[in-house]
1. Determine ³J(HN,Hα), in whole Hz, for all residues of the range 280-288 in sequence, where each value follows from phi through the Karplus function 6.51 cos²θ - 1.76 cosθ + 1.60 and θ = phi - 60°; x replaces Gly and Pro.
2. Going by Cα centres, the range 18-61 and the range 108-168 are how many Å apart?
3. For the chain, what is the accessible area per residue in Å² when the probe is 1.4 Å?
4. Quick one: plug the Kirkwood hydrodynamic radius of the range 94-159 (C-alpha pairs) into Stokes-Einstein at 10 °C, 1.306 mPa s, and report D in µm²/s.
5. Kirkwood Rh and Cα-based Rg: tell me the resulting Rg over Rh for the range 1-140, rounded to two decimals.
6. Explain nothing, just compute: Karplus ³J(HN,Hα) = 6.51 cos²θ - 1.76 cosθ + 1.60, θ = phi - 60°, for every residue of the range 60-76 in order, whole Hz, x for Gly and Pro.
7. Taking H as built 1.01 Å from N, whose amide H comes closer than 5 Å to the amide H of ARG93, not counting residues under 5 places away?
8. From the cross-link list LYS170/LYS294; LYS11/LYS295; LYS67/LYS307; LYS137/LYS190; LYS190/LYS310, which pairs have alpha carbons spaced over 23 Å apart?
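The values are calculated or read from the model by the stated rules, or taken from the named source; none is laboratory data. Quantities reported herein were computed from a predicted structural model and do not represent experimental measurements. For accessibility, only protein heavy atoms count, side chains too; no ligands or nucleic acids. Shrake-Rupley method; radii C 1.70, N 1.55, O 1.52, S 1.80 Å.
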Amino acid sequence: MKLLDIFGLLKKDMDYIEKELYRSVQGDQKLLSETSLHLLKAGGKRLRPVFVLLGGKYGTYDIERLKLIAVPLELIHSASLVHDDVIDNAETRRGKPTVKSKWDNRIAMYTGDYIYGKALQLTAGLSEPAIHRILAKAMVQMSIGEMEQIRDFFNTGQSVRNYLLRIRRKTALLIAVSCQLGALATRAPKHVSSLLYTYGYNVGMAFQIQDDVLDLVGTEKQLGKPPGSDMKQGNITLPVLYALQEPDLREQLLHEISRVQREEGRASASDAIGMIRQSQGIAKAEALADRYMKKALDALDQLPNIKTNKNLRDIAHFVVKRTH
């Protein structure tokens, strides 16, 4: 089964979630509604809502309760992207103009804040304190991850451990709680929600590592943005860190990264990308993503034996093998 088949199984509920997403950002302030809709209509994989719905299959499935988790989690993810685009000075996302490029930085920042607020309004419909604690903690960790990314812009001396802690906060935790909260919202057993958290965390780590690999090996058509965008924005990712560990490449690669930094995004990163592609950096990063995927599958093996397990297994494979 392919990912599209999984979406097909959830088509009715995912269509409902999509409509609720658009409805949730409508408000009295016309410009904020417009900018928010612009972001949402640019699309996306909607992985987080899918994980919420699949997590809900382990309890008493109720789309009306699950939407109060699925929609806010996608909104929180979307808000973080608006802020990311300002920090990274990104002109396009998924091949469409970013909010900051179509409007400006100030409008983009307030759009992100507005979407965060709308997410919290929706979760107020759930009475369980545990759900609110988990979601609030994840949002705090995401903010810390963003600050760590800014701190480490063009930091070629950072460790692999620093990188992994950063992507844990920026990406993996929100995917983990998507799986966990879907189960909690439908009152699945606690040990099941914990296993789903472990599954989601490891899938999230694999997802971000693969995303960072794709930025270096993908085409502009596949990525919706020029390859090497991470490096031009100062993000030193796992394949780069691994390539920097190779004595034959290190000095020349450091020189190229320094040149990209000095020219503040005007420089082409093609020479640096070429060196990284020739190194073992890509293969080593992909191997680590595979290890995270195996940990995710190990957690699945401990869950109740229901059809949803296969869907989650297929998503894990998709995450690591995808090309865009």
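1. The phi angles translate into 8, x, 5, 4, 5, 5, 5, 5, 5 Hz.
2. Distance between centres, Cα-based: 17 Å.
3. Numbers: 14680 Å² over 324 residues.
Accessible area per residue, the chain: 45 Å².
4. On the way: Rh = 14.7 Å.
In µm²/s, the coefficient is 108.
5. Values: Rg = 15.3 Å, Rh = 15.7 Å.
Taking Rh as the inverse mean 1/r over Cα pairs, Rg/Rh reads 0.98.
6. 8, 4, 8, 5, 5, 7, 5, 5, 6, 10, 5, 5, x, 5, 5, 5, 4
7. Amide H neighbours of ARG93: THR98.
8. Details: LYS170/LYS294 21 Å; LYS11/LYS295 28 Å; LYS67/LYS307 21 Å; LYS137/LYS190 18 Å; LYS190/LYS310 21 Å.
From the list (LYS170/LYS294; LYS11/LYS295; LYS67/LYS307; LYS137/LYS190; LYS190/LYS310), the Cα-Cα distance tops 23 Å for LYS11/LYS295.
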